[in-house]
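**Student:** First the structure, then my questions, so here it is.
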Amino acid sequence: MEQTLNKNDLHLERATLGGGCFWCLEAVYQQISGVRSVVSGYAGGTRPNPTYEAVCAGVSGHAEIVDILFDPQVVTFRDLLEIFFEIHDPTTLNYQGNDHGTQYRSVIFTHSDEQTQIAHEVVKELEESGIYSNPVVTQIDSAPTIYPAEEYHQNYFQRHPNQGYCMAVVAPKSAKFKSLIAPQCS
């Protein structure tokens with residue numbers, strides 16, 4: 001499930017974000033106009049070819065991420081980041097809700113100098129806005145090697161909407177996006 005571009009997709013850009021469980025982020029970003037594909041995966045660790053078990057055990061150092069291909073003429077990188085900061089808590093170090101561990105850290109892996117600049121601008125704007133009472137702890141790093149997660153993790157919420165975690169955690173984030181954010185994006 002490697003993210004590759006064909007000659008018709010050369011105008012697409014890539015965004016790689018981690019903010020808790022990848023199922024949550026995937027479910028939201030799949031709804032956005034201009035997003036061509038979303039692949040759940042792992043990035044930012046030390047072991048090559050990590051498995052879900054190694055990532056969850058915290059021994060690989062990877063974060064659960066989503067790797068997004070998007071059309072910047074329809075949705076911008078800044079738009080994707082603004083959504084990112086609405087659907088997770090960027091002030092909690094290494095956890096989101098009941099998910100604890102470095103694999104759930106808030107991180108933006110950038111693919112260009114322009115993305116790095118935009119990411120720093122958005123974080124600065126958030127901090128200056130006073131929206132959060134605690135500091136934003138989102139890491140901003142250059143994109144490392146990105147490993148797609150196992151096939152059974154892909155499109156997880158679409159395939160398992162009645163699974164317990166999906167009903168309790170993923171569905172509310174998806175519904176929040178639909179009710180609060182999606183109308184602003186149209």
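The values are calculated or read from the model by the stated rules, or taken from the named source; none is laboratory data. Note that this is a predicted model, so its numbers are computed, not measured. Counting neighbours? That spans all protein chains shown, and the Cβs are built from the backbone with ideal geometry, glycine included.
**Student:** Could you list, in sequence order, the residues of the range 61-83 that are surrounded by 17 or more Cβ atoms within 10 Å (Cβ to Cβ) and closer than 19 Å to SER142 by Cβ?
**Tutor:** Passing the criteria: HIS62, ALA63, GLU64, ILE65, VAL66, ASP67, ILE68, LEU69, PHE70, PHE77, LEU80, LEU81.
**Student:** Continuing with this model, one more query. Of the conditions (1) at pLDDT 95 or above; (2) of a type outside the set (Asp, Glu); (3) crowded, with 23+ Cβ neighbours inside 10 Å, TRP23 clears all except one; give me its number.
**Tutor:** (1)
**Student:** Considering only residues that are among the hydrophobic types (A, V, I, L, M, F, W, C) and either modelled with pLDDT under 85 or closer than 13 Å to GLU26 by Cα (or both), which ones fall in the range 151-176?
**Tutor:** Of everything in the range 151-176, those that are among the hydrophobic types (A, V, I, L, M, F, W, C) and either modelled with pLDDT under 85 or closer than 13 Å to GLU26 by Cα (or both) turn out to be PHE157, CYS166, ALA168, VAL169, VAL170, ALA171, ALA175.
Yes/no per residue for (1) touching a helix residue (DSSP H, G or I) at 6+ places or on another chain (Cβ under 8 Å); (2) assigned to a loop (DSSP other than H, G, I, E, B); (3) in contact (Cβ under 8 Å) with a residue 12 or more places away in the chain:
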site	(1), (2), (3)
GLY45	yes, yes, yes
GLU53	no, no, no
CYS56	yes, no, yes
GLY61	yes, yes, yes
GLU64	yes, no, yes
LEU69	yes, no, yes
VAL74	no, yes, yes
ARG78	yes, no, yes
GLU82	yes, no, yes
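**Student:** State which residue pairs qualify: first residue more than 16 Å from ASP89 (Cα to Cα) and inside the range 21-34, second residue at pLDDT below 90 and part of a helix (DSSP H, G or I) in any location, beta carbons under 6 Å apart, and separation of 6 or more residues or different chains.
**Tutor:** Within 6 Å, the pairs are ALA27/PHE157; ALA27/VAL170; ALA27/SER174.
**Student:** On to the next question. Can you name every residue in the range 89-124 that is surrounded by fewer than 15 Cβ atoms within 10 Å (Cβ to Cβ) and either over 20 Å from SER40 (Cβ atoms) or of a type in the set (Val, Ile, Thr) (or both)?
**Tutor:** LEU93, SER112, ASP113, GLU114, GLN117, HIS120, GLU121, LYS124
**Student:** Can you confirm whether GLU86 is on the phi < 0 side of the Ramachandran plot, crowded, with 21+ Cβ neighbours inside 10 Å, among the acidic types (Asp, Glu) and outside any loop (DSSP other than H, G, I, E, B)?
**Tutor:** Here the answer is no, as GLU86 does not meet what is asked.
**Student:** To continue, here is another question. Read through the list (1) charged (D, E, K, R); (2) modelled with pLDDT of 95 or more; (3) closer than 17 Å to GLY101 by Cα; (4) surrounded by fewer than 24 Cβ atoms within 10 Å (Cβ to Cβ), then give the number of the only condition that ARG47 fails.
**Tutor:** Of (1) charged (D, E, K, R); (2) modelled with pLDDT of 95 or more; (3) closer than 17 Å to GLY101 by Cα; (4) surrounded by fewer than 24 Cβ atoms within 10 Å (Cβ to Cβ), only one is false for ARG47: (2).
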